[in-house]
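Asks: Sending over a structure as structure tokens; questions will come in a sec.
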Amino acid sequence: MADRVTVIGWDGSPLTAAARSALSAATLVAGAAHHLALPEVPPAAERVRLGSVDLAARRIAGHRGTAVVLADGDPGFFGVVRTLRAPEHGLEVEVVPAVSAVAAAFARAGMPWEDARTVVAHQRTLRRAVNICRAYPKVAVLTSPGAGPAELALLLDGVHRTFVVCEQLGTAQERVSVLTSDKAADHTWRDPNVVLVIGGGATGTTPAAPWLSGQDPAARPVRGWGLPPGEYGPAEPGAPRPGTGEDPSLRAAQLARLGPRPGDLVWDIGCAGGAFAVEAARFGAAVIAVDADPAACARTERAARGHGVPLQTVPGRAPHVLENLPEPDVVRIAGGGVPVVSACTDRRPERIVAHASTRDEAEAIGAALSDGGYAVESLLLQTVGLDPDDWSERERCVVFLLFGRRIERSP
């Protein structure tokens, strides 16, 4: 094993005295091509081109001498330190950090970033990174080849964001571009780059002094979920009365079974007044709310603005309108019956919930879920609203809840 392993972050600035001292004593130096070209790298040191960090870690573990690993930015922030310290390599490292690429990108943009989310986009995680960009108003994306600004823009189709693309930070080729997301796919971008994705938050409010990194919970001040429909805006003249599918207890049961979370994309089919869509968004998921009635989409957008959450509405009738939507992780079906359920099972989301007013309808939906490759749970839910003054009954809701959990198919 190497006698000593030092990880040095590099952000384009002159190396610190500690970094120069570690490099001068190195008998092995690992890094990217531009790191190995630094004049401080000893000519006699063994040089390892850093492609796979795991392979480099094995080389370092077998080296007898002093090793240095050079990395861009802060190597402890989504960097090589995690891999080098993995138990299978047995390496103990010292770290000389530099300014992270995320901090540098926000500095170039002149923006604070304690309220930002940071995600790493690889080809295998690109979809989930895009969902974070849909769900949060300020996101830093650490990109990779094949999962860069153009790919982000293509998957954000229909969602307006501002991109701040920071290419090759800290080098002589550094370039910072500000453009709308619909224009980003038309460019060829240089690696490495960091993309700041901005927009989609509540407007017209002055942010409070932050006290927590990431998004401040006070930005979404409403406590609880499964709230009464009135929490999502007053009833409008001529608007339909809340139906069975909008009962708060049913909504709470649906949310509990779907478990929307950051990185997920939720389809809410039949969004009506927007209560379910907004509550799913408050859990940090990206949401696409669908309804055949444009007025329902408008109500959902107003409710989202009132609760400070971004979401996308798509007017149109399911199942046809679903064909061009991005792949969902979880789906709530509030209308359309078996044809919509079958269209959703074809897209293979992890979980689906639906409801029915009659047993025959419930049996048909349950059969469609089962035929589509889902394990089915069915419940009969009854809620009775009571007047607290005299405990008389105010309203009663009886509904069937159908929940499908995807059965993984054998390869």
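Asks: Would you check if E151 is surrounded by 17 or more Cβ atoms within 10 Å (Cβ to Cβ), farther than 26 Å from E327 by Cα, of a type in the set (D, E) and touching a Ser or Thr at 6+ places or on another chain (Cβ under 9 Å)? Before the answer, list the steps.
Replies: Working: surrounded by 17 or more Cβ atoms within 10 Å (Cβ to Cβ): yes; farther than 26 Å from E327 by Cα: no; of a type in the set (D, E): yes; touching a Ser or Thr at 6+ places or on another chain (Cβ under 9 Å): yes.
Criteria not met by E151.
Asks: Further question on the same structure: Name the one entry in A277, A281, A303, A272 that is outside any strand (DSSP E or B) and either free of Cβ contacts under 8 Å to residues at least 60 places away in the same chain or of a type in the set (F, W, Y) (or both). First the steps, then the outcome.
Replies: Details: A281 fails: either free of Cβ contacts under 8 Å to residues at least 60 places away in the same chain or of a type in the set (F, W, Y) (or both); A303 fails: either free of Cβ contacts under 8 Å to residues at least 60 places away in the same chain or of a type in the set (F, W, Y) (or both); A272 fails: either free of Cβ contacts under 8 Å to residues at least 60 places away in the same chain or of a type in the set (F, W, Y) (or both).
Residue meeting the stated conditions: A277.
Asks: Which of the residues that make up the stretch 6-26 are within 39 Å of the chain's Cα centre (by Cα), in a loop (DSSP other than H, G, I, E, B) and touching a residue at least 40 places away in the same chain (Cβ under 8 Å)?
Replies: Residues satisfying the conditions are D11, G12, S13, T16.
Asks: Taking the condition of being within 18 Å of the chain's Cα centre (by Cα), charged (D, E, K, R) and more than 13 Å from P310 (Cα to Cα), how many residues in the stretch 130-182 meet it?
Replies: Here the count works out to 2.
Asks: Counting only residues that are open to solvent by 10 Å² or more (accessible area, probe 1.4 Å) and in a helix (DSSP H, G or I), how many does the stretch 32-76 have?
Replies: Result for the stretch 32-76: 9.
Asks: Oh, and also: Quick check on my filter: what residues within the stretch 303-318 are surrounded by fewer than 18 Cβ atoms within 10 Å (Cβ to Cβ) and at pLDDT 95 or above?
Replies: Result: P315, G316, R317.
Asks: I've got another one for you. Any residue that is out of contact with any strand residue (DSSP E or B) (no Cβ under 9 Å at 6 or more places or on another chain) and at pLDDT 95 or above - is there at least one of those in the stretch 166-179? Working first, answer last.
Replies: Step one: of the stretch 166-179, the residues out of contact with any strand residue (DSSP E or B) (no Cβ under 9 Å at 6 or more places or on another chain) are 171-172.
Within this subset, residues satisfying the condition of being at pLDDT 95 or above are none.
Within the stretch 166-179, not a single residue is out of contact with any strand residue (DSSP E or B) (no Cβ under 9 Å at 6 or more places or on another chain) and at pLDDT 95 or above.
Asks: Also, I was wondering about something else. Output the residues belonging to the stretch 248-269 that are among the basic types (K, R) and either outside any loop (DSSP other than H, G, I, E, B) or more than 25 Å from V139 (Cα to Cα) (or both). Can you show your working first?
Replies: As a first pass, look at the stretch 248-269 and keep what is among the basic types (K, R): 251, 257, 261.
Answer for the stretch 248-269, where residues must be among the basic types (K, R) and either outside any loop (DSSP other than H, G, I, E, B) or more than 25 Å from V139 (Cα to Cα) (or both): R251, R257.
Asks: Can you tell me which residue among G65, G12, G73, G110 is of a type outside the set (A, V, I, L, M, F, W, C), on the phi > 0 side of the Ramachandran plot and at pLDDT 95 or above?
Replies: Numbers: G65 fails: at pLDDT 95 or above; G12 fails: at pLDDT 95 or above; G73 fails: at pLDDT 95 or above.
One residue alone meets the criteria, G110.
Asks: Would you confirm whether any residue within the stretch 190-208 is among the polar types (S, T, N, Q), surrounded by fewer than 16 Cβ atoms within 10 Å (Cβ to Cβ) and modelled with pLDDT of 85 or more? Even if it seems obvious, please write down each step before you answer.
Replies: Filtering the stretch 190-208 for residues among the polar types (S, T, N, Q) gives 193, 203, 205-206.
Now narrow it down to the ones that are surrounded by fewer than 16 Cβ atoms within 10 Å (Cβ to Cβ): 203, 205-206.
Those left that are additionally modelled with pLDDT of 85 or more: none.
No.
Asks: What is the one condition in (1) more than 27 Å from the chain's Cα centre (by Cα); (2) touching a residue at least 60 places away in the same chain (Cβ under 8 Å); (3) crowded, with 17+ Cβ neighbours inside 10 Å that A362 does not satisfy?
Replies: (2)
Asks: Within the stretch 398-411, take every residue that is among the β-branched types (V, I, T) and part of a strand (DSSP E or B) and give me the one that is most open to solvent (accessible area, probe 1.4 Å). Break it down into steps so the answer makes sense when it comes.
Replies: Within the stretch 398-411, the subset among the β-branched types (V, I, T) is 398-399, 407.
Remaining after also requiring part of a strand (DSSP E or B): 398-399.
Numbers: V398: 69, V399: 3 Å².
Restricting to residues being among the β-branched types (V, I, T) and part of a strand (DSSP E or B), the top hit is V398.
Asks: For the stretch 79-129, what are the residues that are surrounded by fewer than 17 Cβ atoms within 10 Å (Cβ to Cβ), within 23 Å of the chain's Cα centre (by Cα) and not in a helix (DSSP H, G or I)?
Replies: M111, P112, E114, V120, H122, Q123, R124, T125
Asks: Let me ask something additional. What are the pairs with Cβ atoms under 8 angstrom where one residue, in the stretch 347-359, is within 11 Å of S378 (Cβ to Cβ) and the other, located anywhere, is part of a loop (DSSP other than H, G, I, E, B)? Sequence gap at least six, or different chains.
Replies: So the pair list comes out as A354/A334; H355/A334.
Asks: Let me ask something else. Just checking, does the stretch 73-83 include any residue being more than 20 Å from G170 (Cβ to Cβ) and out of contact with any strand residue (DSSP E or B) (no Cβ under 9 Å at 6 or more places or on another chain)? Walk me through it before giving the result.
Replies: Of the stretch 73-83, the ones more than 20 Å from G170 (Cβ to Cβ) are 82-83.
If we keep only those that are out of contact with any strand residue (DSSP E or B) (no Cβ under 9 Å at 6 or more places or on another chain) too, we end up with 82-83.
Looking for residues that are more than 20 Å from G170 (Cβ to Cβ) and out of contact with any strand residue (DSSP E or B) (no Cβ under 9 Å at 6 or more places or on another chain), one finds at least one in the stretch 73-83, hence yes.
Asks: Find the residue count for the stretch 365-397, including only residues that are in a loop (DSSP other than H, G, I, E, B) and without any contact (Cβ under 8 Å) to a residue 24 or more places away in the chain. Spell out how you get there, then give the answer.
Replies: Taking the stretch 365-397 as the starting set, the residues that turn out to be in a loop (DSSP other than H, G, I, E, B) are 372-373, 387-392.
Those left that are additionally without any contact (Cβ under 8 Å) to a residue 24 or more places away in the chain: 387-392.
Within the stretch 365-397, residues that are in a loop (DSSP other than H, G, I, E, B) and without any contact (Cβ under 8 Å) to a residue 24 or more places away in the chain number 6.
Asks: Among the residues of the stretch 327-335, is any in a loop (DSSP other than H, G, I, E, B), in contact (Cβ under 8 Å) with a residue 24 or more places away in the chain, open to solvent by 50 Å² or more (accessible area, probe 1.4 Å) and closer than 30 Å to L154 by Cβ?
Replies: If we filter the stretch 327-335 for residues that are in a loop (DSSP other than H, G, I, E, B), which is where we start, we get 327-329, 334-335.
Those still in the list that are in contact (Cβ under 8 Å) with a residue 24 or more places away in the chain too: 327-329, 334-335.
Pick out the ones that are also open to solvent by 50 Å² or more (accessible area, probe 1.4 Å) and you get 327.
Next, only the ones that are closer than 30 Å to L154 by Cβ stay: 327.
The answer is yes; a qualifying residue exists.
The values are calculated or read from the model by the stated rules, or taken from the named source; none is laboratory data. Since the structure is predicted, the reported quantities are computational estimates derived from the model, not experimental observations. In this analysis, Cβ positions are derived from the backbone assuming ideal geometry, glycine residues included, and neighbour counts consider all displayed protein chains. Quick note on the areas: whole protein, heavy atoms, side chains included, nothing else; ligands and nucleic acids left out. Shrake-Rupley method; radii C 1.70, N 1.55, O 1.52, S 1.80 Å.
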